[in-house]
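Everything below concerns the one structure shown next.
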Amino acid sequence: MTTTSSSKSRRPHRPFGVFRIFFATSISRQATVVLCLLLAGIAEGVGLASLLPVLAISTGEAQGGDSAINRVIIDGLDALGLSADLGMLLMIVVGGLWLKAGLTLIAMNYVGYTVAEVATGLRLSLVRTLLDVRWGYFARQPIGRFANAISSEAARASEAYLSVATLITLIIQAVIYLFLALLVSWQLSVLSLLIGVVIVLSLNRLVRMSRKAGRQQTRRTQTLVTRLSDTLVGIKPLKAMARHVRLGKLFAADARDLNDALRRQVFSRQATRNLQEPILAVFLAIAFFSAVTYLAMPLAQLVVMGYLLVRTVAIIGKGQQAYQIANLSESAYWAMHDTIQEAEKEKEVFYGTTVPTLERSCVFEDVSFAFGSKQVLDRVSLSIPAGKITAVTGSSGGGKTTIADLLLGLYQPESGEIRIDDTPLAEADIFAWRNMVGYVPQEVILFHDSIMANVTLGEAEFSRQDVEAALEAAGAWGFIQQLPDGMDSVVGERGTLLSGGQRQRIAVARALIHEPTLLILDEATSALDPETEAAICRNLKEFSARIGLTILAISHQPAWVRAADRVYHLHQGRITELQGASGESLFS
């Protein structure tokens with residue numbers, strides 16, 4: 001059983017990484033969101049700025065004093081030909097707040113759409129990339145890693161985007177408030193900025209704790225999901241040997257590690273939230289004392305400045321909380337991106353363009369192949385005649401399946417050449433070639449769906465009659481007729497509601513339904529009793545003779561040796577031709 005702990009999630013923190021999450025989306029949508037937020041901040045600022053003359057009029061102060069913000073409002077209204085009376089000023093205050101609310105709603109609506117698209121886009125990108133990677137890459141990866149990325153990491157990535165968008169909203173608001181505060185009193189503006197900086201720096205350690213806990217959560221979740229996926233795939237033998245109890249202890253240890261990371265996340269978030277308020281109260285008391293005692297600020301200015309100061313510092317505190325949440329989820333976003341980029345580097349590249357035709361034979365000529373230091377095939381030469389049955393026998397682990405993998409282009413030979421008729425496989429359109437092939441592996445995987453869906457793989461072009469014909473050719477129609485729902489019977493997870501032999505016959509039908517030119521059976525009937533296997537061999541031999549189907553059977557079963565027109569034996573990487581049922585010889 002394989003476990004993994006992505007080294008990518010241990011990377012050092014990326015500078016401005018959380019902001020890069022926001023700006024990695026659509027440029028037009030970024031511009032719309034930022035513009036709406038900026039206009040919303042300006043609208044709110046104008047509304048709040050109008051409070052100063054409103055309060056001045058209400059308290060009887062002469063035009064609210066000589067502050068810059070007061071002069072800007074009065075001069076602006078004069079330029080528009082409007083009187084600075086109480087009614088007009090109140091309309092500006094209320095209108096500014098309503099306009100701010102509307103523009104913010106528009107911006108966050110775009111953000112909401114993008115949050116969903118971030119998760120969906122990452123999931124689809126990973127799925128599309130995985131479908132195009134080389135087979136050798138799949139063979140080295142635990143499936144649980146990708147399951148965790150699609151389910152958990154994508155969701156946390158979208159949460160990171162939402163937090164960054166919220167942070168940008170708060171930054172814009174803070175800048176507007178600081179500008180307004182500067183127009184009222186530059187001294188208190190500098191003081192409010194210093195207060196915000198002190199709060200951020202004093203609580204920065206908690207942000208770092210959140211970032212570290214977020215990376216640990218990403219790693220622990222990857223390990224837990226991967227281990228669980230591997231276990232559920234092989235749960236039956238584990239339960240049969242009572243080994244699932246030991247694995248339960250491993251899961252408990254993984255869950256405890258994950259719990260520790262989550263506990264640190266909760267502590268850092270709550271500590272940030274609860275410590276901001278008393279720190280803010282201390283500095284606000286200092287600011288208020290300074291404004292009254294040393295600056296002798298008029299009451300109207302003092303009220304507006306106090307409101308702006310409270311709002312500015314509060315927004316800085318909320319911004320730090322949003323930044324902290326973004327750091328919690330940032331590791332999942334970049335882990336997902338790293339997984340996609342890693343898979344993109346493993347993408348299959350096809351250079352051939354010739355559409356092959358199998359009219360005479362598939363030929364291996366002096367083909368060698370090795371997995372690392374283990375030589376699997378050593379100068380193998382064989383011929384698979386079109387319209388005939390060719391069997392390859394040999395001991396387990398001897399390289400029989402590698403012959404099929406090389407023929408399908410899943411691996412490339414180290415030396416020698418594979419040809420389809422006169423076309424070298426390296427020059428063939430591999431995608432077109434694979435479309436001509438039906439393949440049945442020894443380890444059959446069925447989906448938790450109906451028999452019909454497992455045969456058609458959801459392709460609407462196949463009718464129920466097509467499915468019945470394929471099942472008949474595969475020797476599966478007899479037992480399917482006895483099922484309560486026939487072809488609509490659900491096979492269970494990985495086909496566990498069926499026997500091994502039944503699963504293999506459904507897999508053969510899946511390979512036959514699109515009428516392939518070449519059918520590859522890799523120990524595809526090993527779970528059948530000799531009588532049933534012999535019957536399927538007869539069916540496929542008749543099928544091959546009727547439509548000219550070429551069959552490559554990788555098997556050590558006597559039924560296929562007897563049915564084959566040509567038989568090869570693979571031993572220690574070397575191939576030997578045996579006598580086939582037709583009596584012909586490769587070199588005759």
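Per-structure values
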| quantity | calculated |
| --- | --- |
| Subset of LYS345/LYS374; LYS374/LYS400; LYS345/LYS400 violating a 23 Å alpha-carbon distance limit | LYS345/LYS374; LYS345/LYS400 |
| Dipole of the stretch 361-578, positive direction: furthest Cα of ILE418, GLY387, GLN375, with charges on the beta-carbon | GLN375 |
| Efficiency of FRET from Cβ geometry, SER450 and TYR307, R₀ 51 Å, rounded to 0.05 | 0.20 |
| Fewest-first sequence of VAL349, VAL190 by Cβ atoms within 10 Å of each Cβ | VAL349, VAL190 |
| Nitroxide proxy distance, nm - points 7 Å out along Cα→Cβ at LEU483 and GLU359 | 4.1 nm |
| Label-point separation in nm, PHE431 to PHE138, each point 7 Å along Cα→Cβ | 1.6 nm |
| Stretch gain in nm, segment ILE27-LEU194, where the contour uses 0.36 nm per residue and the Cα spacing is subtracted | 56.8 nm |
| Full-extension gain in nm, LEU497 to LEU578, via 0.36 nm per residue minus C-alpha separation | 25.2 nm |
| Farthest toward positive dipole pole in the stretch 322-367 [+1 Lys/Arg, -1 Asp/Glu at C-beta], among VAL349, VAL363, LEU328 | LEU328 |
| Proxy reagent accessibility, fewest Cβ within 10 Å first, across LYS100, LYS347, LYS374 | LYS374, LYS347, LYS100 |
| Under 14 Å from LYS318, Cα to Cα: aspartates and glutamates that are on another chain or at least 8 residues apart | GLU277 |
| Residues GLU344 and LYS374, FRET efficiency given R0 of 35 Å [Cβ-Cβ distance, rounded to 0.05] | 0.75 |
| Under 18 Å from the Cα of LYS100 - aspartates and glutamates, other chains or at least 8 residues apart | GLU44 |
| Ranking of VAL455, VAL127, VAL363 by count of other Cβ atoms within 10 Å, fewest first | VAL127, VAL363, VAL455 |
| Neighbourhood net charge (14 Å Cβ-Cβ; Lys/Arg +1, Asp/Glu -1) for ASP132 | +1 |
| Potential lengthening between LEU86 and PHE19 on full extension [0.36 nm per residue; Cα-Cα distance subtracted] | 19.9 nm |
| FRET E, pair SER415, ASP529, Förster distance 35 Å, beta-carbon r, rounded to 0.05 | 0.25 |
| Simple Cβ-charge dipole of the stretch 384-483, Lys/Arg +1 and Asp/Glu -1, about Cα centre, in debye nearest 20 | 320 debye |
| The stretch 361-578 shape via C-alpha gyration tensor axes, a/c threshold 1.5 | prolate |
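The numbers here are math on the coordinates, done by the rules we state, and not lab data. Everything numeric here is computed off the predicted structure, so don't read it as measured data. Don't worry about glycine lacking a Cβ; one is built from the backbone with ideal geometry, like all the others, and counts go over all protein chains shown.
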